[in-house]
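One structure is given below, encoded as structure tokens.
The values are calculated or read from the model by the stated rules, or taken from the named source; none is laboratory data. Model, not experiment: these values are computed from the prediction. We place every Cβ from the backbone using ideal geometry, glycine too, and count neighbours over all the protein chains shown. The accessibility values were calculated without ligands, DNA or RNA, using every heavy atom of the protein model including side chains. Shrake-Rupley method; radii C 1.70, N 1.55, O 1.52, S 1.80 Å.
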Amino acid sequence: MWMKPFYKQVIKFFAFLLVTVFLFWLVYRDQNFDDLMKVLRDDVDYTWIWVAIVFGLLSHVSRSLRWQMLTKSMGYRISFMNSFMGVMIGYFANMAIPRMGEFTRCGVVSKYENVPFSKLLGTVVTERVFDMIMLLLLTLVVVVSQFKQVGIFLDNNEEIKQKLYTMFHSPWTYVVLGVLIVGVAGFFWFVRKGTFFTRLHHFLSGMKEGLLTVKDVKHKWLFIGHTIFIWLMYFLMLYVCFFCFQFTSHLGPMVGLTVFVLSSYGMVAPVQGGVGAWHFMVIAALMIYLPHTEEIASLSKTFALLTHGTMTLLYIVVGVLCLLFLPIYNRK
């Protein structure tokens, strides 16, 4: 008997929440929170936090405009406000269940703009493909320019180094991939004539159309420009926070890029808002370039907490405001 969707979502939420809490505890279990609060109260220049928020909002505006370009190439004109509110509600949804935001923003815009959900989801997949390309390109820049420092990072985090080695050298990786391919092929073979397959085919066709929208985008260089601008704003949102603290204010842009790239992989972890995983990656990356002292380690944890807290607060506040304003805006 299939579990009801509501209960499945509840179980999924608490499962991810447990992982999130565990990772956060793992990172901050030795932290003296009295010292942390003292630093946040007395030693932080919060002017740069406001600058970071501006950069964050600019990235989301650009993402909304880029999404409009993709939907327009399919013949659907969605308003900027619905595009922006959908994006922000999606980020807010990710705070509850990882990766839920992609489905949420497609559902929201599909409801108010009368665009097929599957086609919107296809455009979001297209966005993610280009975002992944940007992350891989930035990773390449970091690896080439900071090769020695990345080696230090792996040496200082033996568990990550061992997992990467095991993943790429274990025969089980290829066995799992083979079984997965055979399983998917077998699934499609058995259900190819059923009603479910017809619906699935219709859904995948919509996704395919959404994925291929990029070839029909009128101003392709503008689309690429938005993609670069989005990631530039993401980077600056993190980097300007270096100037909030005296111990990081001397670190240059390439250090910032290294921290940014490694932290981006922390956001991929299946936890709400990257909590714990993002903090771990930022702290570990900072310790590559800073003295390995107890004070610096504590300050690095404070930096990660404040920076992530800024991003999270932005998503919560703007996300809630968009949730409230969305039905008002679409009353017509």
task = Would you mind computing, in nm to one decimal, how far apart the modelled labels at Tyr329 and Lys148 are, each placed 7 Å from Cα along Cα→Cβ?
result = 5.0 nm
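Between their Cα atoms, which of Lys119/Lys218; Lys119/Lys220; Lys111/Lys301 are more than 30 Å away from each other?
Listed pairs above 30 Å: Lys111/Lys301.
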remark   = Answer in debye to the nearest 20: the dipole magnitude of the range 45-110 about its Cα centre, from +1 Lys/Arg and -1 Asp/Glu charges placed on Cβ, is 300 debye
note = Taking 0.36 nm per residue of separation between Leu140 and Leu232 and subtracting their Cα-Cα distance, the length gained on full extension comes to 31.5 nm
message = Under the rule a/c < 1.5 gives rounded, and otherwise a/b versus b/c splits prolate from oblate, where does the range 83-134 land using the Cα gyration tensor?
response = oblate
ask   = Which FRET efficiency value, to the nearest 0.05, is calculated for Tyr265 and Asp34 with the Förster distance at 41 angstrom and r the Cβ-Cβ distance?
value = 0.85
query = Can you pull the accessible area of Arg99 for me, 1.4 Å probe, Å² to the nearest 10?
reply = 110 Å²
ask   = If you wrap a convex hull around the C-alpha atoms of the range 214-332 and split its volume per residue, what is the figure in Å³?
value = 150 Å³
